[in-house]
1. Can you say whether Ser244 is over 27 Å from Ala81 (Cα atoms), among the polar types (S, T, N, Q) and either part of a helix (DSSP H, G or I) or at pLDDT 80 or above (or both), as far as the supplied structure shows?
2. Under the condition of being of a type in the set (S, T, N, Q) and closer than 30 Å to Leu195 by Cβ, which residue from the stretch 51-105 is nearest to the chain's Cα centre (by Cα)?
3. Going through the stretch 127-150 one residue at a time, which ones are of a type outside the set (A, V, I, L, M, F, W, C), over 28 Å from Leu15 (Cβ atoms) and within 13 Å of the chain's Cα centre (by Cα)?
4. How do the pairs read when you match residues in the stretch 20-35 that are farther than 13 Å from His141 by Cα with residues anywhere that are of a type in the set (Phe, Trp, Tyr) and at pLDDT 75 or above, using Cβ under 6 Å and keeping only pairs 6 or more apart or on different chains?
5. Under the condition of being free of Cβ contacts under 8 Å to residues at least 24 places away in the same chain and among the β-branched types (Val, Ile, Thr), which residue from the stretch 58-99 is nearest to Phe30 (Cα to Cα)?
6. I need the full set of residues from the stretch 103-128 which are closer than 22 Å to Leu43 by Cβ and either modelled with pLDDT of 85 or more or among the hydroxyl-bearing types (Ser, Thr, Tyr) (or both), in order please.
7. So, in the stretch 229-243, of the ones that are among the polar types (S, T, N, Q) and without any contact (Cβ under 8 Å) to a residue 60 or more places away in the chain, which residue ends up farthest from Leu29 (Cα to Cα)?
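The values are calculated or read from the model by the stated rules, or taken from the named source; none is laboratory data. None of the values given here were measured: they were computed from a predicted structure. Cβ placement follows ideal geometry from the backbone for every residue including glycine, while neighbour counts extend to all protein chains displayed.
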Amino acid sequence: MDWNVANEWMTSFLLHLVRAGAFFTVVPLFGRQTDSLMMRLVLTIALGGIFWWVGDQRVTAADSLLVLGVMASRELLIGIALGFALSTMMSLLTSAGELISSEMGFSMARAIDPESGIDGAVLSQLLQVLGFLLVLQFDLHHEALRVLEETFRSCPVGQPFDIEPIWNGIRTLVTGSIVLAVQYAMPVIGLMLLLSTGMVLLGRAVPAINLQEFGFALRVLLALGVMPVLLGQGAPFLVQTFRSILDGAAAMFIN
């Protein structure tokens, strides 16, 4: 076999692994802790090899290590950008949980999040678990892999690309996730505002009531009573939101 051809194949295979590895390092759907390191490594090698085999197996071989480093940096940027874009699916649930916890008085109730390794609100973790279950139920984790596969066609390995659509897409997804988090938490926030208004009127009518102690317990009970309804009725909204994020992430790499 010609050494130049083999060098082109090996370079292409390495670049496929770099893009896939960067993606699995950042995206939260497949874990980001050391416990899932081996699984992510196996997925990187397996899927990177599959994408290399079914795609363009040869690229222009690098003349030096510096050129190879630049080519690998481009693939690293694409993988990180895609993983970060898809991570907004979970970050919007985290933001929604923080908003709800703050309104119901659970902002101090925090625990270590096993997915990220940092402390977070209990309701945020509950919503993240719901989000992961919805992703698995509706096969959205496979859709994420399909989006990764599409990047190898829209942004071929070893070829330059325009970074402006990627930057604009990430900015749109991040700002949109904040709006979606507020929309998802709005039913609970609205009820808390109505409860606060009613407590103020009750305090004016009956000044002897200890509103601080009575109101805190009432806010917690009302929020806990509404949460099952929110989790059930809000599931279609989350699925639609996840699909829109996947579509937006795929559109980032279409030049």
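1. No, not satisfied.
2. Filtering the stretch 51-105 for residues of a type in the set (S, T, N, Q) gives 57, 60, 64, 73, 87-88, 91, 94-95, 101-102.
Next cut, closer than 30 Å to Leu195 by Cβ only: 91, 94-95, 101-102.
On the way: Ser91: 6, Thr94: 10, Ser95: 12, Ser101: 20, Ser102: 22 Å.
So the residue we want is Ser91.
3. Gln128, Gly131
4. Between residues of the stretch 20-35 that are farther than 13 Å from His141 by Cα and residues that are of a type in the set (Phe, Trp, Tyr) and at pLDDT 75 or above, the close pairs are Val26/Phe84.
5. In the first step, residues of the stretch 58-99 are kept if they are free of Cβ contacts under 8 Å to residues at least 24 places away in the same chain; the result is 63-67, 69-70, 73.
Still in the list and also among the β-branched types (Val, Ile, Thr): 67, 70.
Working: Val67: 31, Val70: 27 Å.
Selected residue: Val70.
6. Passing the criteria: Ser116, Gln128.
7. Gln233
So that you can scan it fast, the table gives a plain yes or no per residue for (1) in contact (Cβ under 8 Å) with a residue 12 or more places away in the chain; (2) touching a Leu at 6+ places or on another chain (Cβ under 9 Å); (3) surrounded by 12 or more Cβ atoms within 10 Å (Cβ to Cβ):
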site	(1), (2), (3)
Pro165	yes, no, yes
Thr175	no, no, no
Leu180	yes, yes, yes
Pro187	yes, yes, yes
Phe216	yes, no, yes
Met227	yes, yes, yes
